[in-house]
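S.K.: Have a look at this one before I ask anything.
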Amino acid sequence: MAFIEKTAFEARITNNDRENLSHIAGLYKASNAAADCSAGMLCVRNGQIPCEGFTGVYNENTWYMKAATAADNAESVIYACDTYDVQLLPGKGGKLYAVGAETLGLGVPAGRYGNFTRIDFDGQSVYRFGEGNVTLNTESDKYFTIDNGVLTSTTTKPASDGALYFELRGTGKFTEGAGQSFGYYDLVACKPVVAAG
């Protein structure tokens, strides 16, 4: 799976400093095979990763990750690929060289561990996604639902019980270096609709 262009992720307003388990290490897989994971890809855990060199022992905070879907609801724990990494350029003999430039929106290459940040659907936490993380159906759409790891806009709040969604707070352009880069969407992770009774 190739990286999606113009993807990025930043937690804007969160309680991360008070929540030590909001970040986990993960290895992204698509169709049970290691795959590239674009920045901001929305994921769910898909089993603990075994500790290397041990049989039947699993790492407590390292997980296989897979793309979140519309079927994930309020019972699901959703994470976003949140790299804050450096570019890795291939060199002779398969060696990788780290380059600390043009780091906006870097994803996690297939087979490498990455950082995943838990999304808090509390109606207050704000997250910034790149324009590549979003499919905008109509310019005036204000609500977004999860669709295979990315976000799809809709004109109305999801009506289904327990459906996870985001609400638009604002848009703009990322600053990269001394200039502007691609567009972003600031989205509030909203509490799912829950039927009375």
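S.K.: Any idea how far apart ARG169 and ASN73 come out in nm if each label point goes 7 Å out from Cα toward Cβ?
M.R.: 2.7
S.K.: Hey, which of these cross-link pairs are over 21 Å Cα-Cα: LYS66/LYS95; LYS6/LYS173; LYS142/LYS191; LYS142/LYS173?
M.R.: Violating the 21 Å Cα-Cα cut-off are LYS66/LYS95.
S.K.: To the nearest Å, what is the center-to-center distance of the stretch 29-83 and the stretch 96-172, using C-alpha atoms only?
M.R.: 16
Coordinate-derived values only; no laboratory data. Treat the numbers as computed from the prediction; the structure is a model and nothing was measured. Neighbour counts are summed over all protein chains in view; Cβ atoms, including those assigned to glycine, are modelled from backbone coordinates with ideal geometry.
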